[in-house]
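Chemist: Here it is: the structure, laid out below.
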Amino acid sequence: MAKTYFTEDHEWLRVEGGVATVGITDYAQEQLGDLVFVELPEIGRKLAKGDPAVVVESVKAASDVYAPVDGEITEANASLSADPSLVNSAATGDGWLWKMKLANESQLDSLMDEAGYKAHIG
Amino acid sequence: MTGDHTRHLPLEDLHQAAGARFGAFAGWSMPLTYPPGVMKEHLHTREHAGLFDISHMKLFEVSGPGATALLNRACPLDAGALDISQSKYTFFLNEAAGIIDDLIVTRLGDDRFMVVANAGNAVEDEKHLREISADFDARVEPLDRVFLAIQGPDAWAALARAGIETGSLLFMHGVEPRQNWFMSRSGYTGEDGFEIGLPEADARDLVASLLKDERGQWIGLAARDSLRLEAGLCLHGQDLTPEIDPVSAGLMWAIPKEIRAAGHFIGAGALRSIIGRGPSQKRAGLKPDGRQPVRAGAALIDGDGNPAGHVTSGGFGPSTGHPVAMGYVDTALARPGTKLFADVRGTKIPVDVASLPFTPHRYRKG
């Protein structure tokens with residue numbers, strides 16, 4: 001069964017079978033405002049935790065989204081090219097950003113669960 | 001003015017109650033967006049009308065027998081040629097003809113003018129004006145006002161519902177409809193609209209009246225920026241700086257011909273020599289290909305990879321539906337249609353030099 005984790009940088013990861021689907025939280029999309037462009041990552045790119053993976057651009061500013069754990073990009077959400085506002089309207093659903101094959105599943109242990117994340121954002 | 005010295009708008013409590021998200025701008029804590037978000041706020045202004053709190057901007061009254069002469073010295077302006085209630089877009093220039101600030105001067109009476117200056121330059125502007133005023137029989141008085149903008153095609157109707165008639169006032173004119181009020185038909189969106197400086201108590205009444213109507217909507221600084229960028233209007237500190245002159249900025253329409261030739265304003269000599277030799281770069285609109293915004297600071301290069309200029313403002317245009325930008329481009333490359341590239345995080349985004357504005361102005365000129 002899929003399990004969902006959260007980071008202090010307002011990302012979520014849904015992990016199933018060693019692959020994480022990654023997105024930003026509803027709190028994060030609210031802070032960013034209306035998104036107009038998402039610069040998606042290349043498939044096959046290897047990322048270390050903390051590497052910039054995706055750039056999300058609002059009307060006003062560009063912001064990096066970082067890899068929450070080590071891994072390799074297996075898929076990017078192509079529907080965001082046509083409709084970046086999916087990240088605003090469905091941050092934790094259809095507005096996912098990328099999928100990555102985890103290199104080190106033990107890194108998940110340091111992430112928060114939903115209750116922990118809710119406490120984090122207050 | 002940063003950190004502990006952040007200034008707060010007199011109506012901040014109203015913005016908090018309206019659910020604003022705040023951010024720092026020019027030393028002020030300003031409402032950036034409200035719950036509808038920048039996209040809807042922007043479109044609401046173009047389609048209906050939006051209410052902006054621009055109290056971070058500063059109003060100065062310049063008065064006295066030497067007021068006209070003072071302004072003719074401080075600005076490339078023929079203040080005496082203005083009709084009463086006529087406004088003029090102008091500048092404070094330094095000796096090198098660099099733009100210290102861009103302003104709107106309105107003639108209120110024979111010897112009385114209103115000067116509206118930018119927030120970020122208000123302190124510098126006041127000091128500058130006071131220094132010059134030592135040579136003239138004129139007074140410079142900063143006014144303590146709330147400053148509101150009502151912008152959009154329905155702005156006049158919204159004000160009419162609030163009991164304020166605007167019928168005879170035309171674009172770039174300003175009057176004093178009530179005690180300690182200053183109202184001009186002007187703005188920073190490209191739309192018809194009004195800017196009203198007034199005492200705080202009156203401002204609270206006016207805001208309550210405007211928001212009582214369901215079409216009334218606060219608009220934040222984020223949409224103010226996207227609206228002015230689509231309208232091709234400059235933001236001082238980005239598109240205009242003390243290192244940029246009005247010739248390079250393409251703003252010579254603001255300086256009357258006879259003043260260019262014979263005016264005694266500060267920076268006159270430098271401006272004349274820039275006119276004589278021509279500017280090395282010019283401000284130009286930039287339309288990026290595709291959907292990726294190109295933002296301030298991005299370098300521009302030509303088709304051969306040579307430096308061609310830089311972007312000074314950029315973002316996404318909610319009304320145009322595509323990214324919009326402006327910047328300074330080598331004069332030889334500044335013609336609309338020229339193909340350039342912007343360097344965005346190492347990727348070369350094709351951009352076309354475009355004529356400004358991106359959205360046509362809809363001013364009420366008569």
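Chemist: Test B:Arg291 against the stated conditions and say whether it is under 17 Å from B:Ala249 (Cβ atoms) and outside any strand (DSSP E or B).
Modeler: So B:Arg291 fails the test.
Chemist: Next question. B:Phe91 - would you say it is over 18 Å from the mean Cα position of the chain (by Cα), at pLDDT 95 or above and closer than 27 Å to B:His361 by Cβ?
Modeler: For B:Phe91, the condition - over 18 Å from the mean Cα position of the chain (by Cα), at pLDDT 95 or above and closer than 27 Å to B:His361 by Cβ - is not met.
Table: residues versus (1) within 14 Å of chain A (Cβ to nearest Cβ); (2) in contact (Cβ under 8 Å) with a residue 24 or more places away in the chain; (3) in contact with an Asp or Glu (Cβ under 9 Å, 6 or more places away or on another chain).
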{"position": "B:Ala299", "(1), (2), (3)": "no, yes, yes"}
{"position": "B:Pro307", "(1), (2), (3)": "no, no, yes"}
{"position": "B:Gly315", "(1), (2), (3)": "yes, yes, yes"}
{"position": "B:Gly346", "(1), (2), (3)": "yes, no, no"}
{"position": "B:Val353", "(1), (2), (3)": "no, yes, no"}
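Chemist: Return the residues of region A:68-97 that are away from chain B (no Cβ under 11 Å) and touching a residue at least 40 places away in the same chain (Cβ under 8 Å); say none if nothing qualifies.
Modeler: Once the filter is applied, which keeps residues that are away from chain B (no Cβ under 11 Å) and touching a residue at least 40 places away in the same chain (Cβ under 8 Å), region A:68-97 yields A:Pro68, A:Val69, A:Gly71, A:Thr74, A:Val87, A:Ala91, A:Thr92, A:Gly95, A:Trp96, A:Leu97.
Chemist: Taking the residues in region A:37-52 that are within 14 Å of another protein chain (Cβ to nearest Cβ) and part of a strand (DSSP E or B) as candidates, determine which candidate is surrounded by the fewest Cβ atoms within 10 Å (Cβ to Cβ).
Modeler: Taking the candidates together, the pick is A:Pro52.
Chemist: Now for a separate question. Being closer than 30 Å to B:Leu71 by Cβ, part of a strand (DSSP E or B) and away from chain A (no Cβ under 14 Å): is that true of B:Tyr328 here? First the steps, then the outcome.
Modeler: Values: closer than 30 Å to B:Leu71 by Cβ: yes; part of a strand (DSSP E or B): yes; away from chain A (no Cβ under 14 Å): yes.
In short, yes.
Chemist: Report yes if B:Leu210 is over 21 Å from B:Ala325 (Cα atoms) and surrounded by 22 or more Cβ atoms within 10 Å (Cβ to Cβ), otherwise no.
Modeler: On the way: over 21 Å from B:Ala325 (Cα atoms): yes; surrounded by 22 or more Cβ atoms within 10 Å (Cβ to Cβ): yes.
Yes: the conditions hold for B:Leu210.
Chemist: Is it true that B:His322 is surrounded by fewer than 19 Cβ atoms within 10 Å (Cβ to Cβ), under 19 Å from B:Leu227 (Cα atoms) and not assigned by TED's automatic domain parsing to the domain that holds B:Arg46?
Modeler: Spelling it out, B:His322 is indeed surrounded by fewer than 19 Cβ atoms within 10 Å (Cβ to Cβ), under 19 Å from B:Leu227 (Cα atoms) and not assigned by TED's automatic domain parsing to the domain that holds B:Arg46.
Chemist: What is the residue count in region B:21-48 for residues that are crowded, with 22+ Cβ neighbours inside 10 Å, in contact with a Pro (Cβ under 6 Å, 6 or more places away or on another chain) and of a type in the set (A, V, I, L, M, F, W, C)?
Modeler: Of the residues in that region, 1 qualify.
Chemist: Residues in region A:19-36 that are in a loop (DSSP other than H, G, I, E, B) and more than 10 Å from chain B (Cβ to nearest Cβ): how many?
Modeler: 1
Chemist: Restrict the check to region B:224-242 and report whether at least one residue is outside the structural domain of B:Pro10 (by TED's automatic domain parsing), more than 21 Å from B:Tyr188 (Cβ to Cβ), buried (at least 18 other Cβ atoms within 10 Å of the Cβ) and hydrophobic (A, V, I, L, M, F, W, C).
Modeler: no
Chemist: A:Val55 - would you say it is in contact (Cβ under 8 Å) with a residue 12 or more places away in the chain, within 11 Å of chain B (Cβ to nearest Cβ), surrounded by fewer than 22 Cβ atoms within 10 Å (Cβ to Cβ) and part of a strand (DSSP E or B)?
Modeler: For A:Val55, the condition - in contact (Cβ under 8 Å) with a residue 12 or more places away in the chain, within 11 Å of chain B (Cβ to nearest Cβ), surrounded by fewer than 22 Cβ atoms within 10 Å (Cβ to Cβ) and part of a strand (DSSP E or B) - is met.
Chemist: What residue, of B:Leu82, B:Leu32, B:Leu43, is at pLDDT 95 or above and more than 14 Å from chain A (Cβ to nearest Cβ)?
Modeler: Of B:Leu82, B:Leu32, B:Leu43, the one residue that is at pLDDT 95 or above and more than 14 Å from chain A (Cβ to nearest Cβ) is B:Leu82.
Chemist: Tell me, yes or no, whether region B:130-147 has at least one residue that is more than 18 Å from B:Ala74 (Cα to Cα), of a type in the set (A, V, I, L, M) and buried (at least 19 other Cβ atoms within 10 Å of the Cβ).
Modeler: Yes, because at least one residue in region B:130-147 is more than 18 Å from B:Ala74 (Cα to Cα), of a type in the set (A, V, I, L, M) and buried (at least 19 other Cβ atoms within 10 Å of the Cβ).
Chemist: Which of (1) β-branched (Val, Ile, Thr); (2) in a strand (DSSP E or B); (3) over 29 Å from B:Ser319 (Cα atoms) does A:Val69 not meet, given it meets every other one?
Modeler: Unmet for A:Val69, out of (1) β-branched (Val, Ile, Thr); (2) in a strand (DSSP E or B); (3) over 29 Å from B:Ser319 (Cα atoms): (2).
Chemist: Then there's this: Given B:Ala299, B:Ala270, which one is of a type in the set (A, V, I, L, M), assigned by TED's automatic domain parsing to the domain that holds B:Leu77, surrounded by fewer than 19 Cβ atoms within 10 Å (Cβ to Cβ) and out of contact with any Ser or Thr (no Cβ under 7 Å at 6 or more places or on another chain)?
Modeler: Just one listed residue meets the conditions, B:Ala270.
The values are calculated or read from the model by the stated rules, or taken from the named source; none is laboratory data. If you're wondering where the values come from, they're calculated on a predicted model, not measured in any experiment. All Cβ positions, glycine included, derive from the backbone under ideal geometry; neighbour counts span all protein chains shown.
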